[in-house]
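The values are calculated or read from the model by the stated rules, or taken from the named source; none is laboratory data. All values derive from a computational prediction rather than experimental measurement. All Cβ positions, glycine included, derive from the backbone under ideal geometry; neighbour counts span all protein chains shown. Accessible surface areas use protein heavy atoms only, side chains included; no ligands, DNA or RNA. Shrake-Rupley method; radii C 1.70, N 1.55, O 1.52, S 1.80 Å.
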Amino acid sequence: PDPETTDTFDGGFRFSTGQIQAQIAGYFTRYDNRLASSYDPLLDETITRNLGRVDKYGVDASVAYAPTRDVLLYVFGSINESEIKDDVQDDVVGGVPTFLATGGKNESGAPLWSVGGRAQYNFGPVEIGAQAKHTGKRFVNDINTAEVGGYTVVDLDVRWVIAENPFGDEVALQLNVTNLFDDVYVGGFGGDLDNANPFVQIGAPRAASISLVFGY
């Protein structure tokens, strides 16, 4: 019944030269009456729970380096932490409320960290790029007794400029391959207070697409 409210503070630094662009940013968010939700496949309902006060904080950083006009290297990473401040009431037994040991634990569902990178090279009319991202572990429940391990996804893209249109822009064919190694991983789940077997979504399998790009 109580609305969720937040106070957020963030700040960062950016550094730029002819070849390097780097940035780092930090944030802190304090939630009161943090409302988290998860889907229950047995009830076919979305259940919302109130976690009380939750503090979330983290850091995002990235560096892009272009040693030549034809080469681009890019790395990025983030750390995401959360802390549930109090034990959350679970039930009432014999007129006495019972609580789960959520105090001091991480909120479920969100990865604790992620890191990745991209490399891109221009061979004249053909440009090839590849990128990889590793997503760290996630807690399945808010009492942190079960977790899902991290996973890595690699994508590939190739762009071939085949002509120039009457407007002076490029006409290109582009190939995109996602999840290049066809890894099976847990893409997402809602999390819960204490359920160690939530409804999960399996990540998308390997897929490829070809596009005709016509600039104007």
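Sub-6 Å Cβ pairs linking a first residue in the range 122-142 that is over 19 Å from Tyr185 (Cβ atoms) to a second residue that is among the hydroxyl-bearing types (Ser, Thr, Tyr) and open to solvent by 50 Å² or more (accessible area, probe 1.4 Å), at least 6 apart or interchain, are Ile128/Tyr121, ordered by first then second residue.
Could you say whether any residue in the range 125-134 is modelled with pLDDT under 90 and more than 20 Å from the chain's Cα centre (by Cα)? Break it down into steps so the answer makes sense when it comes.
First, pick out the residues of the range 125-134 that are modelled with pLDDT under 90: none.
Checking the range 125-134: not a single residue is modelled with pLDDT under 90 and more than 20 Å from the chain's Cα centre (by Cα).
Annotation note: of Gln131, Gln89, the sole residue that is surrounded by 16 or more Cβ atoms within 10 Å (Cβ to Cβ), of a type outside the set (D, E, K, R), out of contact with any His (no Cβ under 6 Å at 6 or more places or on another chain) and in a strand (DSSP E or B) is Gln131.
The lone criterion from (1) within 25 Å of Ile202 (Cβ to Cβ); (2) in contact (Cβ under 8 Å) with a residue 24 or more places away in the chain; (3) open to solvent by 50 Å² or more (accessible area, probe 1.4 Å); (4) assigned to a strand (DSSP E or B) left unmet by Trp160 is number (1). Residues in the range 189-201: is at least one of a type outside the set (Val, Ile, Thr) and at pLDDT 90 or above? Within the range 189-201, none of the residues are of a type outside the set (Val, Ile, Thr) and at pLDDT 90 or above.
From the list Asp55, Asp60, exactly one residue is buried (at least 17 other Cβ atoms within 10 Å of the Cβ) and in a strand (DSSP E or B). Which is it?
Details: Asp55 fails: buried (at least 17 other Cβ atoms within 10 Å of the Cβ).
Of Asp55, Asp60, the one residue that is buried (at least 17 other Cβ atoms within 10 Å of the Cβ) and in a strand (DSSP E or B) is Asp60.
Restricting attention to the range 166-199 and to residues that are free of Cβ contacts under 8 Å to residues at least 24 places away in the same chain and either surrounded by 12 or more Cβ atoms within 10 Å (Cβ to Cβ) or among the small types (Gly, Ala, Ser) (or both), the residue that is farthest from Leu51 (Cα to Cα) turns out to be Gly168.
Screening Ser78 with (1) of a type in the set (Ser, Thr, Tyr); (2) more than 25 Å from Tyr39 (Cβ to Cβ); (3) open to solvent by 40 Å² or more (accessible area, probe 1.4 Å) gives one miss only, at (3).
Of everything in the range 34-52 that is among the small types (Gly, Ala, Ser) and part of a strand (DSSP E or B), the residue that is most open to solvent (accessible area, probe 1.4 Å) is Ser37.
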